[in-house]
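Each remark here refers to the structure printed beneath this line.
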Amino acid sequence: MKVRKALVPDIKSIHKLINEFAKKGEMLPRSLNELYENIRDFLVFEEDNEIKGVCALHILWEDLAEIRSLAVKRESQKKGIGTILVKKCLNEAKKLGVKRVFVLTYVPEFFKRAGFKELDKSKLPQKIWGDCIRCPKFPECDEVALIYEFRE
């Protein structure tokens, strides 16, 4: 098993995994085009030549990034894969010099265990006017915003 940067041949598997959760309203859907354009944001957790999990770190501003599209195959959940992917994204953010990383989620307790704190969504204008405005749930979003701030 290993965590690695996503490769072009991974995109169709990533697309399928993310959109399985999106169909159930558990995350935003991602188009193939969007995934190809943002491939450098994505990490995959691979085991036995199969992608079991995916997560992206998307830079929004000089001091702000988002962890998005965290998805782990249902049969592979509760094995620490999501935690590993989030930690890898946080490590990458720190190396890049990002000071704050946020997430919008339906499972806030998972991210709180990783050190994230709740945040009012109105404090994230880049996200709101970038992605959220395109969401079918906007402006009635029921996701919880959380933020991780690196200590200097």
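The values are calculated or read from the model by the stated rules, or taken from the named source; none is laboratory data. Everything numeric in this text was worked out from a predicted model, so none of it was measured. Cβ sites come from the backbone with ideal geometry, for glycine too, and all protein chains shown count toward neighbours.
The table for this structure:
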quantity	calculated
Contacts under 9 angstrom Cβ, first residue in segment 16-41 being more than 13 Å from Val54 (Cα to Cα), partner among the hydrophobic types (A, V, I, L, M, F, W, C) and part of a loop (DSSP other than H, G, I, E, B), 6 or more apart	Ala22/Leu28; Glu26/Val107; Leu28/Cys135
Subset tally (residues that are in a loop (DSSP other than H, G, I, E, B), free of Cβ contacts under 8 Å to residues at least 24 places away in the same chain and under 16 Å from Gly82 (Cα atoms)) for segment 94-119	1
Residue in segment 137-151 that is assigned to a strand (DSSP E or B), of a type in the set (Phe, Trp, Tyr) and modelled with pLDDT of 90 or more present	yes
Verdict on Ile81 being touching a Leu at 6+ places or on another chain (Cβ under 8 Å) and either surrounded by fewer than 14 Cβ atoms within 10 Å (Cβ to Cβ) or touching a residue at least 12 places away in the same chain (Cβ under 8 Å) (or both)	no
Selection count, segment 78-114, where residues are acidic (Asp, Glu) and either closer than 18 Å to Ala145 by Cα or in contact with a Ser or Thr (Cβ under 8 Å, 6 or more places away or on another chain) (or both)	1
Ile14, sole failed condition from (1) surrounded by fewer than 21 Cβ atoms within 10 Å (Cβ to Cβ); (2) β-branched (Val, Ile, Thr); (3) more than 20 Å from Val144 (Cα to Cα)	(1)
Condition check for Val107: surrounded by 13 or more Cβ atoms within 10 Å (Cβ to Cβ), modelled with pLDDT of 95 or more, within 21 Å of Gly53 (Cβ to Cβ) and under 14 Å from the mean Cα position of the chain (by Cα)	no
Filter result (crowded, with 23+ Cβ neighbours inside 10 Å and within 9 Å of the chain's Cα centre (by Cα)) within segment 43-68	Val54, Cys55, Ala56, Leu57, Glu66, Ile67, Arg68
Test set (1) free of Cβ contacts under 8 Å to residues at least 12 places away in the same chain; (2) within 21 Å of Lys121 (Cα to Cα) - Glu66 fails condition number	(1)
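Yes/no per residue for (1) under 27 Å from Lys121 (Cβ atoms); (2) of a type outside the set (D, E, K, R); (3) in contact with an Asp or Glu (Cβ under 8 Å, 6 or more places away or on another chain):
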| position | (1), (2), (3) |
| --- | --- |
| Lys5 | no, no, no |
| Val8 | no, yes, no |
| Ala22 | yes, yes, no |
| Asp48 | no, no, no |
| Ala56 | yes, yes, yes |
| Lys79 | no, no, no |
| Cys89 | yes, yes, no |
